[in-house]
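K.L.:
Provided herewith is a single structure, encoded as structure tokens, for subsequent inquiry.
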Amino acid sequence: MLRHRLFVTLSILMLAAMVLAACPAPVAPPAAAPPAEGEATWWRTAAESAGCVGVTIRGVSESTPPSNFAKDVLAPAFERDTGIKVELETTSWDQMYDKAIKDMEAGTGIYDFVYIEQDIIYAYLANNYLLNMTQFLADNPNLAAPDFDFGKFTTFIDYFKDAEGNVYGVPMEAFVKIYLYRTDLFGDPEAQAAFKEKYGYDLAPATNYEQYRDNAEFFTQWGKDRGLELWGTTVQAASGHPSSFYELFETILPSGGVYNWGINMENWKASVENGGTMNSDRAKAAFQFWLDMLQFAPPEATSSTWDEVAASFAAGRAAQGWVYGENAAWIASDPERSRVVGNVGVALPPLADESVLQDAEEGRGYIGYYDGGAFGIPVSSKNQACAVLWNQYIGQESVQADWAVAGSRVVMDSTFDDPKVQEMDAKTNGYFTLLKEKGYLFAGAPPFPFHATIREVIAPFVYRAIAGELSAADALDQAAAAVDAELPKLGYGE
Amino acid sequence: MKTARWRKILGWIGLYALWIALTLFTVLPIYWMFVVSSRSRVQLFDAPTLLIRSFYIQNYTGPLSDPVFQRYLLNSLYIAVGNALLVTVLALFATYALSRWRLPGADNIFFWTITNRMAPPAAFLLPLFLLYTQVFRIGNWTLFDTQIGLILLYCVFNLPFAIWLMKGIMDGIPVEIDEAAMVDGASQWTVLWRVIVPLAAPGLAITFILSLIFAWNEYLFAATLTSVNARTITTGLAEFVTVTGTNWGQMAAVATISILPALIFLVFVQRYIVTGLTFGAVKE
Amino acid sequence: MRSNRLGWLLLSPSLIVLFIVGFLPFLYVIWVGFHDWNIFAATRGMTWAGANNYRRLVFDQDFLAALWRTLVFTFTVVTSELVLGFVLAQTLTRQFPGRAFFRTIYVLPLVVAPIAVGATWRLMVIPGFGPIPYFLERWFGIQYRIGTYAEHAWATAVLMDIWHWTPFVTLTLLAGLSAIPREPLEQAMVDGANRWQVFRYITIPMMMPVILTVVFIRIMDALRVVDEVYMLTNGGPGTATTLIGLHIFRVVFPKTDYGYGSAMSLLVLYVTIVMCWLLFVALANVGKQKA
Amino acid sequence: MTETKPIQAPVEHKGRRGFLPIETNTFDRVFISVVIWIGASLLWMRFIEPLGLSVWICTILCIILGVWIVKKG
């Protein structure tokens, strides 16, 4: 009886599985404009000469729109042109790191290309994980694609170079973390009048902390008075997730004039007594400012990682906020996902005072986070030549515009001039223009080979400050002390 | 007299109140998952309500028509069923041996098998990754990213559990039955298949279903030890959480779909659960 | 008499599989646990550290706090599940209309993947999107914030575990209860024992092996919870819900401190094995006394 | 119909009875010794080693204890 039942169940499931498997796979939409005939044959010839036709190369990346574009559009086009099959695994952020690192550390060679986020590149370079692409192309001129040139990329590619200028990764996405505000609210005459009456100056997107605070307080009260689900600001303050560390150390502290996480890169010390700035007064003031914003943030702020901040803003629950640039396009333009289409303004993040902008203009500092990543090739890869072809393929000028529209990422100067990108720029009230003109004020993560390790050392203190267990000052004091204790263990600044 | 009757009625009311409250508590999270799966991304921004006013079917049709997702689902099915079968058969053999032979050190072996389930998983991922990518290899073929790799791996926590469960059932089947059959001229194999298996059926069923559920639901190892070809549905769930917004609707839809197969199995073996779960502590 | 060879033959496939996927990694973890090995350190590769990782561990406040928190968590959920499970199993021994229906609904949580359990509960309790904080605030004026208040996050994690695992405890206890012979109970009633006495002196002792077994299994699993809490709070707010599994996860994954993480894992494994072994011995002795 | 059967532990121990309160076989006694050794070493490193006594003293004591347990336990 039982066996009979089990058998029946099993067969039902197997049948269901077969039906599922038999469902016709929807045909992938055609790629970006297919390359011209001559180029196509170049790719094929190169693939043949490198013995790559019929080879499968495998990569790992985070599941983001730019990666998905690479997987769904570029990979099939590449296979058509070269006969090289690309299996791109898109997974969660922490899995992506873990697997890439395990693979490269063990020298296994599962992955022929890996996503390198800008902040991890220094660790990878220090460990000699990555193939020197410049060198490889110089040694194999027959594999250097005519349409590919490192010089076409924005300065973002500099993050993927070593001291001699050799390139180790082809940039595939780049964003800045910017200040978003609601144009409908800030442009509301009634709100403008009320604001002026209360604070004595005109309502406008914030350029400094005080103004940001006033705006946040004003709109929180505004929402409360009208029974709206509206608060003054987003805060990416998940009290158990590194995203809160990142907002504090890469967006807020720089805008308060504390750069490189407050770690002195000459002696690898963080605390003020040892020459660092992590627990300096400026850092404490900026941290305190950020913590104060929690009272004007929607209740989900302390559970918000990067994606929930974007969702809160897209839901119209916040009047202003710091939001990662990759979200700007969809928040401003996709009615399927956003409530605030057409009402999104873009500006530079507010700063503690004038000196920060001056620092950034003169190259001593930066005002916010320039984020992004590249595809690099592990030295352990067994199909290096094929992966180099793929990396050049995605680095062609011709594929950039569609990619930019799909993922609001720009890695080449020429992409800004494409009509499709211009159209998107208008919809986002100038995000791409801002990226193009003001991008130089932003910077990526500091060149720490120990990035992730030290992040994990500092983050718990940030979490505890958000949860109210520690004051901002105490949290930074303790974090700086912990970093000073940990870095010598890692072999830095003994 | 009267008080006794009232007491009885109150008892019934209490019983039903308890179970209805419990059912609500049990169902609420699952129901909420279903509600979320019925909404589009914009609708999720509305004030939370437990009612389903419209159904955003794209959350289901999207993943279901995606070949990648279909592959995940199939992988999960193969791996879970494969592992459950393997574990059930191995546990049957092992517990039959433990229960019918006086093997030296058997009780220590028994305890050792259970300790395999106790390890905190995180630190064991690295050695497993190395084993799967470098040690167990034949030419270019490795266990990494294969279904058989996960089927074997899940034995680490399913087999100890199954052995414990089955040991009790086996011990509960009197040895005299085997001996009677042997006297009648049956071989050891015949006894095992024709006599023991039918008697142990409830235990086998519950072993099978619990192994199936655990294997179907496992996340951490599946995420680390697969790449493209053998990924399972639970690793697919994590892919919905991205920097540019978590697609909660589709994620909930996939989670809802992923419950179904285990649920079907569970309903079928419902009535064997109670007889099967004794762990040998109490015998019938 | 049967020869032992066939017995070993039947046992060997299980032992071989467990040896490959269980014991070999265990040996490797022991080996790594005696080394300093952080991928992002200035010195590459493993360097022999002797027992230094363990020396560090016994003074590591974060680790000890997480371990203690996990023991408290385990104690809380296992006791709650046991008490609740026992009551429910008792009611299920009675025949009443709808029993099968309730029981079927009731086992639903068992089939939900831990990662989906975490995601679902997160969806329920995130302010602004989930119904629980919304209705609590509207109806009772309670501000429910798992990201801000440690107690709220802790309570949610405990409740989630109880939701997920009480069905299993209930079913196992029910299996035990339905196998208890009726005669001693009836005899005791005839002898004039009241309900409490019957429960205390007959049911509980007879159920002891089942209870111990369930406790054993639940302790073993509760000590290594990762997925659910990882999805729900990721250990926050602060370190309020950073259970040991998650703590190790953080040391091994993002921090890539393999040596220290391995040592931690082994210490936790040691604690688990000792606790479970004591239970196991108790189990064996209960069996002996009865026999 | 359920009939009364003695309730049994999942495993019957077949060992001997020494000074330990339970019946043990050789493997059990080795296991107990190792468990005690690990636990004692950890406690030693926490509380006694800072006072200046090397952990090796603990190891030697534990080996002696272990031999005694295995022989007489």
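The values are calculated or read from the model by the stated rules, or taken from the named source; none is laboratory data. Just so it is clear, the model here is predicted, and its values are computed rather than measured. As a convention, Cβ positions derive from the backbone with ideal geometry for all residues, glycine included, and neighbour counts pool all protein chains shown. Ligands, DNA and RNA are stripped out before the accessible areas are found, and what is left, the full protein with its side chains, is counted by its heavy atoms. Shrake-Rupley method; radii C 1.70, N 1.55, O 1.52, S 1.80 Å.
K.L.:
Taking the stretch C:67-122 only, how many residues are closer than 22 Å to C:His152 by Cβ, surrounded by fewer than 23 Cβ atoms within 10 Å (Cβ to Cβ) and either over 18 Å from the mean Cα position of the chain (by Cα) or among the charged types (D, E, K, R) (or both)?
P.N.:
Going through the stretch C:67-122 one residue at a time, the tally reaches 2.
K.L.:
A follow-up question, please. For A:Val457, only one of the following conditions fails: (1) within 9 Å of chain C (Cβ to nearest Cβ); (2) among the hydrophobic types (A, V, I, L, M, F, W, C); (3) closer than 22 Å to A:Ile367 by Cα; (4) open to solvent by 10 Å² or more (accessible area, probe 1.4 Å). What is its number?
P.N.:
Single failed check for A:Val457: (3).
K.L.:
For the stretch B:4-57, which positions are within 14 Å of chain A (Cβ to nearest Cβ) and under 15 Å from B:Trp248 (Cβ atoms)? Full working, then the answer.
P.N.:
We begin by selecting, within the stretch B:4-57, every residue within 14 Å of chain A (Cβ to nearest Cβ); these are B:36, B:39-49, B:56.
Once the filter is applied, which keeps residues that are within 14 Å of chain A (Cβ to nearest Cβ) and under 15 Å from B:Trp248 (Cβ atoms), the stretch B:4-57 yields B:Val36, B:Arg39, B:Ser40, B:Arg41, B:Val42, B:Gln43, B:Leu44, B:Phe45, B:Asp46, B:Pro48, B:Tyr56.
K.L.:
Anything in the stretch A:149-168 that is hydrophobic (A, V, I, L, M, F, W, C) and either surrounded by fewer than 16 Cβ atoms within 10 Å (Cβ to Cβ) or more than 24 Å from A:Ile120 (Cβ to Cβ) (or both)? List them, or say none.
P.N.:
The first filter runs over the stretch A:149-168 and keeps only residues hydrophobic (A, V, I, L, M, F, W, C), leaving A:150, A:153, A:156-157, A:160, A:163, A:167.
If the condition is that a residue be hydrophobic (A, V, I, L, M, F, W, C) and either surrounded by fewer than 16 Cβ atoms within 10 Å (Cβ to Cβ) or more than 24 Å from A:Ile120 (Cβ to Cβ) (or both), then A:Ala163 is the only one that fits.
K.L.:
Still on this model: When you look at B:Arg39, is it assigned to a loop (DSSP other than H, G, I, E, B), farther than 20 Å from B:Arg231 by Cβ and free of Cβ contacts under 8 Å to residues at least 24 places away in the same chain, yes or no?
P.N.:
Values: assigned to a loop (DSSP other than H, G, I, E, B): yes; farther than 20 Å from B:Arg231 by Cβ: yes; free of Cβ contacts under 8 Å to residues at least 24 places away in the same chain: no.
In short, no.
K.L.:
Which residue pairs have Cβ atoms closer than 7 Å, lie 6 or more positions apart in sequence or on different chains, and pair a first residue in the stretch C:36-58 that is under 19 Å from D:Cys58 (Cβ atoms) with a second residue that is among the small types (Gly, Ala, Ser)?
P.N.:
Within 7 Å, the pairs are C:Ala49/C:Gly259; C:Asn53/C:Gly33; C:Asn53/C:Gly259; C:Asn53/C:Ala263; C:Tyr54/C:Ala263; C:Leu57/C:Ala263.
K.L.:
Also: Would you mind stating whether B:Thr88 is part of a helix (DSSP H, G or I), polar (S, T, N, Q), open to solvent by less than 60 Å² (accessible area, probe 1.4 Å) and more than 10 Å from every other protein chain (Cβ to nearest Cβ)? I'd like the intermediate steps shown before the answer.
P.N.:
Values: part of a helix (DSSP H, G or I): yes; polar (S, T, N, Q): yes; open to solvent by less than 60 Å² (accessible area, probe 1.4 Å): yes; more than 10 Å from every other protein chain (Cβ to nearest Cβ): yes.
The answer is yes for B:Thr88.
K.L.:
Working only within the stretch C:124-156, note down all residues that are facing chain A (nearest Cβ under 10 Å), out of contact with any Ser or Thr (no Cβ under 6 Å at 6 or more places or on another chain) and open to solvent by less than 10 Å² (accessible area, probe 1.4 Å). Don't jump to the end; show me each part of the working.
P.N.:
Step one: of the stretch C:124-156, the residues facing chain A (nearest Cβ under 10 Å) are C:125-130, C:133-134, C:137, C:143-150, C:153.
After this cut, where a residue has to be out of contact with any Ser or Thr (no Cβ under 6 Å at 6 or more places or on another chain) as well, the list is C:127-130, C:133-134, C:137, C:143-145, C:149-150.
Hits for the stretch C:124-156 are C:Pro127, C:Gly130, C:Pro133.
K.L.:
Step by step: first the residues of the stretch A:180-205, then only those that are basic (Lys, Arg) and more than 34 Å from the chain's Cα centre (by Cα), then the one that is least open to solvent (accessible area, probe 1.4 Å). Which residue is that? Write out each step before concluding.
P.N.:
From the stretch A:180-205, those basic (Lys, Arg) are A:182, A:196, A:198; that's our starting set.
From what is left, the residues that are more than 34 Å from the chain's Cα centre (by Cα) are A:196, A:198.
Details: A:Lys196: 97, A:Lys198: 116 Å².
Only one residue tops the list, namely A:Lys196.
K.L.:
Then there is this: If you scan the stretch B:91-106, which residues turn out to be more than 8 Å from chain C (Cβ to nearest Cβ) and either in a helix (DSSP H, G or I) or of a type in the set (D, E, K, R) (or both)?
P.N.:
B:Leu92, B:Thr95, B:Ser99, B:Ala106
K.L.:
On the basis of being facing chain C (nearest Cβ under 8 Å), open to solvent by 40 Å² or more (accessible area, probe 1.4 Å) and among the polar types (S, T, N, Q), does B:Thr190 make the cut? Reasoning before the result, please.
P.N.:
Numbers: facing chain C (nearest Cβ under 8 Å): no; open to solvent by 40 Å² or more (accessible area, probe 1.4 Å): yes; among the polar types (S, T, N, Q): yes.
Criteria not met by B:Thr190.
K.L.:
Now, a different point. Determine whether the stretch A:316-335 contains at least one residue that is in a loop (DSSP other than H, G, I, E, B), open to solvent by 20 Å² or more (accessible area, probe 1.4 Å) and assigned by TED's automatic domain parsing to the domain that holds A:Phe186.
P.N.:
If we filter the stretch A:316-335 for residues that are in a loop (DSSP other than H, G, I, E, B), which is where we start, we get A:316-317, A:319, A:334-335.
Okay, now just the ones that are also open to solvent by 20 Å² or more (accessible area, probe 1.4 Å), so A:334-335.
The next check asks that each one be assigned by TED's automatic domain parsing to the domain that holds A:Phe186; those that pass are A:334-335.
Yes: the stretch A:316-335 contains one or more residues that are in a loop (DSSP other than H, G, I, E, B), open to solvent by 20 Å² or more (accessible area, probe 1.4 Å) and assigned by TED's automatic domain parsing to the domain that holds A:Phe186.
Quick grid of which residues meet (1) touching a Phe, Trp or Tyr at 6+ places or on another chain (Cβ under 9 Å); (2) closer than 24 Å to B:Asn217 by Cα:
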position	(1), (2)
C:Leu88	yes, no
C:Arg99	yes, no
C:Leu108	no, yes
C:Gly128	yes, no
C:Pro131	yes, no
C:Gly141	no, no
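K.L.:
Inspect all residues belonging to the stretch B:123-137 and state whether any of them is within 29 Å of B:Ala205 (Cα to Cα) and either at pLDDT 90 or above or crowded, with 18+ Cβ neighbours inside 10 Å (or both). Lay out the reasoning, then the answer.
P.N.:
Pass one, the stretch B:123-137, residues within 29 Å of B:Ala205 (Cα to Cα): none.
Scanning the stretch B:123-137 turns up no residue that is within 29 Å of B:Ala205 (Cα to Cα) and either at pLDDT 90 or above or crowded, with 18+ Cβ neighbours inside 10 Å (or both).
K.L.:
Among the numbered conditions (1) outside any loop (DSSP other than H, G, I, E, B); (2) more than 14 Å from chain A (Cβ to nearest Cβ), tell me where C:Arg224 comes up short.
P.N.:
In the conditions (1) outside any loop (DSSP other than H, G, I, E, B); (2) more than 14 Å from chain A (Cβ to nearest Cβ), C:Arg224 misses (1) alone.
K.L.:
Quick test for you: out of B:Thr234, B:Thr242, pick the one residue that is under 27 Å from A:Ser338 (Cα atoms), among the hydroxyl-bearing types (Ser, Thr, Tyr) and open to solvent by less than 30 Å² (accessible area, probe 1.4 Å). Please lay out each step first, then the result.
P.N.:
On the way: B:Thr234 fails: under 27 Å from A:Ser338 (Cα atoms).
B:Thr242 is the lone residue from the list that is under 27 Å from A:Ser338 (Cα atoms), among the hydroxyl-bearing types (Ser, Thr, Tyr) and open to solvent by less than 30 Å² (accessible area, probe 1.4 Å).
K.L.:
Looking only at residues that are open to solvent by 20 Å² or more (accessible area, probe 1.4 Å) and under 29 Å from the mean Cα position of the chain (by Cα) in the stretch A:218-232, which one is modelled with the highest pLDDT?
P.N.:
Checking each candidate, the answer is A:Trp231.
K.L.:
Six or more apart or on different chains, Cβ atoms under 7 Å: show the pairs whose first residue is in the stretch C:133-150 and on the phi < 0 side of the Ramachandran plot and whose second is open to solvent by 80 Å² or more (accessible area, probe 1.4 Å).
P.N.:
If the second residue must be open to solvent by 80 Å² or more (accessible area, probe 1.4 Å), the pairs left are C:Glu137/C:Gln143.
K.L.:
Continuing with the same structure: With the condition kept exactly as written, say whether any residue in the stretch A:77-87 is in contact with a Gly (Cβ under 8 Å, 6 or more places away or on another chain), under 10 Å from A:Val60 (Cβ atoms) and without any contact (Cβ under 8 Å) to a residue 60 or more places away in the chain.
P.N.:
There is at least one residue in the stretch A:77-87 that is in contact with a Gly (Cβ under 8 Å, 6 or more places away or on another chain), under 10 Å from A:Val60 (Cβ atoms) and without any contact (Cβ under 8 Å) to a residue 60 or more places away in the chain.
K.L.:
For the stretch C:1-47, enumerate the residues that are open to solvent by 40 Å² or more (accessible area, probe 1.4 Å) and not in a helix (DSSP H, G or I).
P.N.:
C:Met1, C:Arg2, C:Ser3, C:Phe34, C:Asp36, C:Ala42, C:Thr43, C:Arg44, C:Met46, C:Thr47
K.L.:
Could you say whether any residue in the stretch B:3-25 is aliphatic (A, V, I, L, M), part of a loop (DSSP other than H, G, I, E, B) and outside the structural domain of B:Leu237 (by TED's automatic domain parsing)? Let's see the steps before the verdict.
P.N.:
Of the stretch B:3-25, the ones aliphatic (A, V, I, L, M) are B:4, B:9-10, B:13, B:15, B:17-18, B:20-22, B:24.
Still in the running and part of a loop (DSSP other than H, G, I, E, B): none.
Scanning the stretch B:3-25 turns up no residue that is aliphatic (A, V, I, L, M), part of a loop (DSSP other than H, G, I, E, B) and outside the structural domain of B:Leu237 (by TED's automatic domain parsing).
K.L.:
Another one. I want to confirm something. Restricting to the stretch B:125-175 and keeping residues that are more than 11 Å from chain C (Cβ to nearest Cβ) and assigned to a loop (DSSP other than H, G, I, E, B), which single residue is farthest from C:Gly261 (Cα to Cα)?
P.N.:
B:Pro174
K.L.:
Now, a different point. Of these, A:Ala485, A:Ala479, A:Ala401, A:Ala443, which one is closer than 22 Å to A:Ala238 by Cα and either over 17 Å from the mean Cα position of the chain (by Cα) or at pLDDT 90 or above (or both)?
P.N.:
Details: A:Ala485 fails: closer than 22 Å to A:Ala238 by Cα; A:Ala401 fails: closer than 22 Å to A:Ala238 by Cα; A:Ala443 fails: closer than 22 Å to A:Ala238 by Cα.
The match here is A:Ala479.
K.L.:
Just give me the residues in the stretch A:102-137 being open to solvent by less than 10 Å² (accessible area, probe 1.4 Å), in a helix (DSSP H, G or I) and within 14 Å of chain B (Cβ to nearest Cβ), in sequence order.
P.N.:
Answer for the stretch A:102-137, where residues must be open to solvent by less than 10 Å² (accessible area, probe 1.4 Å), in a helix (DSSP H, G or I) and within 14 Å of chain B (Cβ to nearest Cβ): A:Lys102, A:Asp103.
K.L.:
Output yes when any residue across the stretch A:483-493 is outside any helix (DSSP H, G or I) and facing another protein chain (nearest Cβ under 9 Å), and no when none is. Please lay out each step first, then the result.
P.N.:
Restricting attention to the stretch A:483-493, the residues satisfying the condition of being outside any helix (DSSP H, G or I) are A:491-493.
Still in the running and facing another protein chain (nearest Cβ under 9 Å): A:491-492.
Yes, there is a match, as at least one residue in the stretch A:483-493 is outside any helix (DSSP H, G or I) and facing another protein chain (nearest Cβ under 9 Å).
K.L.:
What number of residues in the stretch A:153-178 are more than 27 Å from A:Leu351 (Cα to Cα) and of a type in the set (Phe, Trp, Tyr)?
P.N.:
Step one: of the stretch A:153-178, the residues more than 27 Å from A:Leu351 (Cα to Cα) are A:153, A:160-172.
Then drop every residue that is not of a type in the set (Phe, Trp, Tyr), which leaves A:153, A:160, A:168.
Looking only at that region, the number is 3.
K.L.:
Right, next: Do you know which residues across the stretch A:460-474 are within 17 Å of C:Ala153 (Cα to Cα), open to solvent by 20 Å² or more (accessible area, probe 1.4 Å) and touching a Leu at 6+ places or on another chain (Cβ under 8 Å)?
P.N.:
Correct list: A:Arg464 only.
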